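Reviewing the structure listed below.
What follows is calculated from the coordinates using simple rules that are stated; it is not laboratory data. None of the values given here were measured: they were computed from a predicted structure. A quick note on method: Cβ atoms are made from the backbone with ideal geometry, for glycine too, and the neighbour counts reach across all protein chains shown.
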Amino acid sequence: MISVEQAEALILGAVQVGVASDRVPLSEAIGRILAMPIESALDFPHWDNSAMDGYAVRFEDVVNPGVTLTIVEEIPAGAVPSVAVRSGQAARILTGSMMPEGADTVVMQEWTARSSDGQSIQILKVPPEKGDFVRHQGSFYRSGQPLLRSGLRLGGAEMAVLAAAQCLQVPVFRRLRVGILSTGDELVLPDQPLKPGQIVDSNQIALLALLKQAGFEAIALGSVKDDRESLKRAMAAAIEQCDVVISSGGVSVGDYDYVESLLGELGGEILVRSIAVKPGKPLTFATFPEQKLYFGLPGNPVSALVTFWRFVLPALRKRSGQSSPWSPLFVTATTHQPLKSDGKRESYLWGSVLGAAEDLQFCPAAGSGSSGNLVNLAGSNALAVIPIGQTRVEAGDRVTVMLV
């Protein structure tokens, strides 16, 4: 067995950043990974504009309260000012409206009193300093500078920036094609009747869901019986079809565990065979030509998900082109209950993190902590980490927690 840190380093060290890039319409870019930095020919803001509803004035005219100014123009949003503001004058202005020539400050509407005829205003409160409530051209972003960095996953905020920059064709990495293959004579589909000795292939459903949530192109490859030649054909086809293959089951030392030996026969370079982690010790990782990756996960459902979160997902993030950090997010929390481990392997105990950032609480899942107990994994959002050599964490003590 190798340590968790060694396994992570070997896996991430073998993975290149990004697959082939492409350009897609802005409308199709959500969730994609930027393949190159984005710049804009526009300044943001595009011109000086008002941050408030109020009046555009010359600061030197309003240094003392009580002054009266003549209103020379009203500037709605989207309009171009037609006259300059001169000494003793003001322009009615709305939030986002373009600042008129001559004005350098905005007085909030609440700090003024308008005359009954609407032709003038009295300044009731002096702005603190020149330039108040003015958003100056280029103060958010100067044209030609980096606007969005390569490796960024595009969410709603990034889409808004691209739209504002009028970036209609977006350079993105191709979606990573990830195939899911299950192994085992005992597996049946969820819609099939269960016979004695059989179990539902929940791993494929769970891994497909996690991959889709993370923005990858997930491909269900079905299940294969514990027949060496059948499994070899299925693995070869999966490796040919996909950028990454994730299989579950068949990686331990049982009589029908063929995955590791077949990876060698198919030309893979095996870098990881066994990790000092609980659950999830029998994890196999191999690379193939053209930067294709293969992960052989344990068959136990909790082991499969824990190893996916801890080792597979970081590799997929890197391979898809996302910028670092790729590793899971770890925080520190106080455990509500004692946590136990045998101390021989780095142990991951599932449960939930609650509370505010300064006072996070970890509540372990109720019931059995068996790696075959998929039921109590539902609702979990975190895994408490107990290092090698430690067998107990007392209630009220601090513990490292991996967020999932």
Which residues qualify? For residue 151, with a placed amide H closer than 5 Å and at least 5 residues away or on another chain, they are 34, 35, 36
Just going by the charge dipole of the stretch 330-403, with Lys and Arg at +1 and Asp and Glu at -1 on Cβ, which of 357, 367, 337 is farthest out on the positive end?
367
Quick shape check on the stretch 330-403: root eigenvalues a ≥ b ≥ c of the Cα gyration tensor, a/c under 1.5 is rounded, otherwise prolate if a/b tops b/c, else oblate, and it reads oblate
Three-way shape call for the chain based on the alpha-carbon gyration tensor, with the a/c threshold at 1.5
prolate
Please list log₁₀ I(q)/I(0) at q = 0.24 Å⁻¹ for the stretch 211-250, using the Debye equation with identical point scatterers on the alpha-carbon positions.
-0.86
Highest mean packing first, using Cβ neighbours within 10 angstrom, the peptides 64-74, 81-91 sort as 81-91, 64-74
Please list 3J(HN,Hα) in residue order for the stretch 261-277, calculated via the Karplus relation 6.51 cos²θ - 1.76 cosθ + 1.60 where θ = phi - 60°; whole Hz, with x for glycine and proline.
5, 5, 4, x, 5, 7, x, x, 9, 7, 9, 9, 10, 7, 10, 7, 9
Sequence-distant aspartates and glutamates (8 or more away, or on other chains) whose Cα lies within less than 18 Å of residue 195:
185, 186, 226
With unit charges on the beta carbon (Lys/Arg positive, Asp/Glu negative), name the residue among 199, 77, 112 whose Cα is farthest towards the positive pole of the charge dipole of the chain.
199
Cα-centred dipole magnitude for the chain, charges only on beta-carbon of K, R (+1) and D, E (-1), debye, nearest 20
600
Phi to ³J(HN,Hα) by Karplus 6.51 cos²θ - 1.76 cosθ + 1.60 over the stretch 201-215, Hz, x for Gly, Pro
6, 6, 4, 5, 5, 5, 5, 4, 5, 5, 5, 5, 4, 7, x
To the nearest 10 degrees, how steep is helix 228-241 against the longest Cα principal axis of the chain, on a 0 to 90 scale?
20
Please get the size of the charge dipole for the stretch 89-171, origin at its Cα centre, with Cβ charges of +1 on Lys and Arg and -1 on Asp and Glu, quoted in debye to the nearest 20.
280
Collect residues whose amide H, placed 1.01 Å from N in the peptide plane, falls under 5 Å from the amide H of residue 39; neighbours closer than 5 in sequence don't count.
147
Please list 3J(HN,Hα) in residue order for the stretch 343-349, calculated via the Karplus relation 6.51 cos²θ - 1.76 cosθ + 1.60 where θ = phi - 60°; whole Hz, with x for glycine and proline.
x, 8, 9, 5, 9, 10, 10
If you fit an axis through the alpha-carbon atoms of helix 4-13 and take the longest principal axis of the Cα set of the chain, what angle between them do you get, 0 to 90°, nearest 10?
70
For the stretch 279-328, shape from the Cα gyration tensor axes a ≥ b ≥ c, cut at a/c of 1.5 then a/b versus b/c, turns out oblate
